[in-house]
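K.L.:
This is the structure I want to talk about, given as structure tokens.
What follows draws every value from the coordinates through simple rules; no lab data is involved. In this text, all values refer to a predicted model and were calculated from it rather than measured experimentally. Cβ sites come from the backbone with ideal geometry, for glycine too, and all protein chains shown count toward neighbours.
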Amino acid sequence: MKKIASFTVNHDILTKGMYVSRVDGDVITYDIRMKTPNAGDYLNSGAMHTFEHLFATYARNSALSDSVIYVGPMGCRTGFYFLLRDAVSREEALGLVKESFRFIAAFEGKIPGSERIECGNYLEHDLPGAKAVAEDMLTVLENWNAESMDYKA
């Protein structure tokens with residue numbers, strides 16, 4: 001079988017950040033790397049789950065909501081995939097990610113979609129953990145820009 005694009009990225013040199021992973025027609029996949037791959041520190045399940053609920057809720061209620069296709073965690077627990085229509089520029093995508101992460105970092109209250117009838121694993125949430133991940137990533141993305149989004153070989 002043909003190797004998929006994400007497996008061609010050298011994970012030994014990959015650092016935390018936001019990268020363009022692939023472009024498929026009018027869909028851009030962003031890899032938001034929140035943990036250094038293979039470093040032994042990964043997103044814990046509860047924090048990742050809560051982060052997903054908050055990130056997806058914020059992004060799908062933003063001014064760019066019509067261009068949001070998918071928000072979801074990477075199986076390796078090092079970050080999230082964020083898929084947007086290409087009508088959204090890299091700068092706008094980065095802006096939405098930063099806004100979403102500020103929302104998560106400051107969030108207090110009931111996690112959206114966390115009732116038993118709304119969620120398949122409603123008991124596994126970690127709001128303090130999700131907030132810590134958001135705060136950490138905001139420092140990583142503070143000086144990030146469109147040129148920073150290209151994977152380095």
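K.L.:
For Asp66, put the label point 7 Å out on the Cα→Cβ axis and report which residues of segment 26-40 keep their amide N under 19 Å from it.
P.N.:
From segment 26-40, the list is 26-28.
K.L.:
Report, by chain and number, residues whose modeled amide H sits under 5 Å from the one on Gly79, excluding near sequence neighbours (fewer than 5 apart, same chain).
P.N.:
Met34, Met74
K.L.:
Still on this structure, I have one more. Scale the Cα Rg of segment 11-138 by the rule-of-thumb value 2.2 N^0.38 Å and send over the ratio, two decimals.
P.N.:
Here the answer is 1.01, to two decimals.
K.L.:
When only C-alpha pairs under 8 Å and at least 6 residues apart count, what is the relative contact order of the chain, in percent?
P.N.:
On the way: 236 pairs, mean separation 45.2, N = 153.
This gives 30 percent for the chain.
K.L.:
Starting with the fewest neighbours, write out Met34, Met1 ranked by other beta-carbon atoms found within 10 Å of each beta-carbon.
P.N.:
On the way: Met34 25, Met1 3.
Arranged by neighbour count, lowest to highest, Met34, Met1 become Met1, Met34.
K.L.:
Hey, what do the phi angles of segment 80-87 turn into as Karplus ³J(HN,Hα) couplings, whole Hz, using 6.51/-1.76/1.60 and θ = phi - 60°, x for Gly and Pro?
P.N.:
Karplus-based 3J(HN,Hα) across segment 80-87 equals 10, 9, 9, 9, 10, 5, 6, 5 Hz.
K.L.:
Additional query: Quick check: net charge around Glu118, other residues with Cβ under 15 Å of its Cβ, Lys/Arg +1 and Asp/Glu -1?
P.N.:
Charge balance near Glu118 sits at 0.
K.L.:
Right, here's the next one. Tell me the GluC sites (Glu not before Pro) within segment 65-153 that lie in a loop according to DSSP and have at most 14 other beta-carbon atoms within 10 Å.
P.N.:
Working: sites: Glu91, Glu92, Glu99, Glu108, Glu115, Glu118, Glu124, Glu135, Glu142, Glu147; in loops: Glu108, Glu115, Glu118, Glu124, Glu142.
Qualifying residues, ordered by number: Glu108, Glu115, Glu118, Glu142.
K.L.:
For Asp86, what residues show an amide H to amide H distance below 5 Å, using hydrogens built from the backbone and excluding near sequence neighbours?
P.N.:
Answer set, sorted by chain and number: Val27, Ile28.
K.L.:
Rounded to whole Å, give me the distance from the Cα center of segment 3-33 to that of segment 80-153.
P.N.:
Going from one Cα centre to the other spans 16 Å.
K.L.:
Multiply the residue gap between Val23 and Ala146 by 0.36 nm, knock off their C-alpha separation, and tell me the result in nm, one decimal place. Don't skip to the answer; put the middle values down first.
P.N.:
On the way: separation 123, 0.36 × 123 = 44.28 nm, distance 1.48 nm.
Here the segment from Val23 to Ala146 would lengthen by 42.8 nm.
K.L.:
Highest GNM mean-square fluctuation, the chain, Cα pairs closer than 10 Å: which of Leu83, Leu123, Leu96?
P.N.:
Leu123
K.L.:
Reachable lysines from Lys16, Cα under 22 Å, same-chain residues fewer than 8 places away excluded?
P.N.:
Lys35, Lys98, Lys131, Lys152
K.L.:
Follow-up. Only helical DSSP H runs with n ≥ 4 go in: add -39500 (n - 2.57) per run for the chain, normalise by residue count and round the 222 nm mean residue ellipticity to 500 deg cm²/dmol.
P.N.:
-10000 deg cm²/dmol
K.L.:
Which trypsin sites (Lys or Arg not before Pro) in segment 3-59 pass both tests, a DSSP loop state and at most 12 other beta-carbon atoms within 10 Å?
P.N.:
Those satisfying the criteria are Lys3.
K.L.:
For helix 90-106, report the angle its Cα long axis makes with the longest principal axis of the Cα atoms of the chain; keep it between 0 and 90° and round to the nearest 10°.
P.N.:
For helix 90-106, the angle is close to 30 degrees.
K.L.:
In nm, to one decimal, how far is the modelled label at Glu135 from the one at Lys110, with both set 7 Å along Cα→Cβ?
P.N.:
Those two pseudo-labels are separated by 2.6 nm.
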